[in-house]
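Here's the structure, in C-alpha cells; my notes come after.
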Amino acid sequence: MSVNTLILEPPRPHRRAPLGGVTASVRRGTMGLGPDLATGVLYLTDDSACVRLTAPLAEGDEAELVLSQPNGHRTKLVVEAKWCATLSDRNHLVKLQFRRPLPHREIAELAR
C-alpha cells in the first residue's frame, strides 16, 4: 500500500467506564436549573460522555453536566447533545459533547 492510498483519520477517543461512586447530574440549559435527568453514566472520553436520562434531549440542546466523585470533588461542564436514543424502558441514552476537553488528570480521577 502506498502512502497516497492511506487515509489519515484522527484517533478515536478511548471510551472509559466511570469509577465506582462517580455520579452524574444533567440539567437542561446552562444555568443548572430544573430537575436532574441523569440516572447513570455509561462511559466517558476526554471530550464526551454517554449518559442515561429519564427524559430526552434533542440534538443540539445545551445542558449542564456535573460529575461527582465520592471524595466530594465535582466537575461542572456545559455540554451539547449529539444524539439521543430511546430505550425499551422509556429511558434515553444521550451522547453529550463537552465544550472543552477534560485534562488527562480529571479523566483519570473519574474513569478507569
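Every number here is computed from the coordinates shown, using simple stated rules; none is lab data. Model, not experiment: these values are computed from the prediction. Positions of Cβ are generated from backbone atoms using ideal geometry, with glycine treated the same way; all protein chains shown enter the neighbour counts.
Taking only the Cα atoms of the stretch 13-101, the ratio Rg/Rh comes out at 0.93, with Rh defined as the Kirkwood radius. The average projected area of the stretch 60-112, computed from the convex hull of its Cα atoms over all directions, is 4.7 nm². Which listed residue (Ala58, Pro35, Ala81) has the Cα farthest towards the positive end of the charge dipole for the chain, taking +1 on Lys and Arg C-beta and -1 on Asp and Glu C-beta about the Cα centre? About the Cα centre, the residue reaching furthest to the positive side is Pro35.
About its Cα centre, the stretch 9-71 has a charge dipole of approximately 260 debye under the convention of +1 per Lys or Arg Cβ and -1 per Asp or Glu Cβ, with nothing else charged. Counting only Cβ charges, +1 for Lys and Arg and -1 for Asp and Glu, the dipole size of the chain around its Cα centre is about 200 debye.
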